[in-house]
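Structure first, then comments.
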Amino acid sequence: MTKTNRVLLAGAAIAGLLSGTAATIQASNLTKASAQDDSKWGRISYCIYLIHAAVKYFCTNLMAHNATQITLWRGEAAVMLSVVITFGIAKLSWTFFESLLLRQGHRYKY
């Protein structure tokens, strides 16, 4: 094994240890915050389910299929853009449409 290979192997081992430690710290923080965030995800999850396919379809057609040459980065960018747009639409839908309708519905006595 050459010196370069040993240095690369040592660097990879150190990077693996650091990423494992960071993942453990992040996971412990996630479990504390997950109880608070579960209700937020639940509010927008159905809207995400309803619109994700259409948004992904439009973003993919806009970015990847209309190009003269389809490249990998265009497809990946289209998927990332569709995720951002989907979450944005879902959040706006909850804020300005769904929550208002739920409040209105809870006012009525059956």
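Quick look at the numbers
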read-out	value
Rg over Rh, two decimals, the stretch 45-110 (C-alpha only, Kirkwood Rh)	1.23
Fewest-first sequence of SER82, SER93 by Cβ atoms within 10 Å of each Cβ	SER93, SER82
Sorted by Cβ neighbour density within 10 Å, fewest at the top, the residues THR60, THR86, THR95	THR95, THR60, THR86
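No lab work stands behind these numbers, since they all come straight from the coordinates. Note that this is a predicted model, so its numbers are computed, not measured. Neighbour counts run over all protein chains shown; Cβ positions are idealised from the backbone, glycine included.
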